[in-house]
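Worksheet: one structure, shown below.
The values are calculated or read from the model by the stated rules, or taken from the named source; none is laboratory data. These numbers come from a predicted model, not from an experiment. Methodologically, a virtual Cβ is constructed for each residue, glycine included, from the backbone with ideal geometry; neighbour enumeration extends over all protein chains shown. All accessible areas refer to the heavy atoms of the entire protein, side chains included, with ligands and DNA or RNA removed. Shrake-Rupley method; radii C 1.70, N 1.55, O 1.52, S 1.80 Å.
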Amino acid sequence: MKACVLKEKNENELLNDREKLVKELHDLKLKKVIGVVENPIKIRLIKRDIARINTVLKEKKIEEFKSKQN
């Protein structure tokens, strides 16, 4: 996911996306332990997507806080 696409989404959509990715990451890690992962690089990509979502959420909270201060 691109950061510019994530910035266009609202907070609830971002939280839902993050929840789905965390579930998918958990499933992939479990499959990795069993030894059935067909694309192990996908784990790294999902972690990066989760980090991007967390960053965008944090930026939105900072903007909201700054707007309340003014």
Check your understanding: without any contact (Cβ under 8 Å) to a residue 24 or more places away in the chain and of a type in the set (Gly, Ala, Ser) - does that describe any residue in region 3-14?
Key -> no
Practice item. Report, ordered by the first and then the second residue, all pairs with beta carbons closer than 8 Å, sequence separation of six or more or different chains, a first member in region 55-70 that is open to solvent by less than 80 Å² (accessible area, probe 1.4 Å), and a second member that is acidic (Asp, Glu). Key: Leu57/Glu11; Lys60/Glu11
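Can you work out which of the residues in region 2-40 that are among the hydrophobic types (A, V, I, L, M, F, W, C) and open to solvent by 90 Å² or more (accessible area, probe 1.4 Å) is farthest from Lys61 (Cα to Cα)? Break it down into steps so the answer makes sense when it comes.
Here is the first cut: in region 2-40, the residues among the hydrophobic types (A, V, I, L, M, F, W, C) are 3-6, 14-15, 21-22, 25, 28, 30, 33-34, 36-37.
Now narrow it down to the ones that are open to solvent by 90 Å² or more (accessible area, probe 1.4 Å): 30, 33-34.
Working: Leu30: 33, Val33: 36, Ile34: 39 Å.
Among those that are among the hydrophobic types (A, V, I, L, M, F, W, C) and open to solvent by 90 Å² or more (accessible area, probe 1.4 Å), it is Ile34.
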